[in-house]
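Nothing in this text is a laboratory measurement; each read-out follows from the coordinates by a stated rule. Note that the structure is predicted; figures quoted are calculated from it, not measured. With ideal geometry, Cβ positions are generated from the backbone for all residues, glycine too; neighbour counts draw on all protein chains shown.
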Amino acid sequence: IEYFISSTFRDMQAERDALHNYVLPEIKRYANERGEDIGFIDLRWGINADNKNSDENMAKVLSVCLQDIDRCRPRMIILLGDRYGSIPSVETLHNFIIRSTDGIYSETDLQNKSVTEIEITHGVFRQQDICDNVTICIREPLDYPNLPQAAQDIYGSQTKADKEKLQKLKNALISAYPDNVLFYSVSWDEVNQCICGLDSFVEQ
């Protein structure tokens, strides 16, 4: 049994680490006692895309993401903070759709959507009737005015448009899966220059 982890990358490293270091061992123990096994698919460790230009590389990344989501369906863990994520170029979408979607999507369907939103759309909205085994973790905003600029760049919103699209995505998830949403807050570790205080996230 595998769960696909979907999130933006740079701002969600701590949460992904917490899932692997604390959550996964506990649920593996629980599952093993019942003759099952549990795993997480975490694509932050890279996809082999050697000898590809940037558009072809991103198209391959998207293709692998959707294949792994289908393999895990309906099991998905979604992590959302304050970043909307990177938006593929028109050329990337064209290469991706030709390569991977078998007519499921058109370029118009995916245009101006981030990779993370494309993953979520594919994983929990395309076939919502079978996707009730999804966990949506939404991090409360950090105290951005009091954070160093480097931290604001990593964890904060990108543009006004991105912020609006992210809020729309969160609202759609909350509306579709109200019983599957977990809210949590974190703190800023000034000494180590990273977020901390993930206890409530891990416990939930």
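Observations on the model:
- Per-region count, segment 133-149, residues assigned to a helix (DSSP H, G or I) and farther than 17 Å from residue 187 by Cβ: 1
- Members of segment 169-194 found to be assigned to a strand (DSSP E or B) and surrounded by 13 or more Cβ atoms within 10 Å (Cβ to Cβ), listed by number: 181, 182, 183, 184, 188, 194
- Inside segment 117-172, residues that are touching a helix residue (DSSP H, G or I) at 6+ places or on another chain (Cβ under 6 Å), closer than 23 Å to residue 23 by Cβ and among the charged types (D, E, K, R) make up a count of 1.
- Within segment 149-168, the residues that satisfy the criterion of being loosely packed, with under 15 Cβ neighbours inside 10 Å and either among the hydroxyl-bearing types (Ser, Thr, Tyr) or closer than 24 Å to residue 200 by Cβ (or both) are 159, 167.
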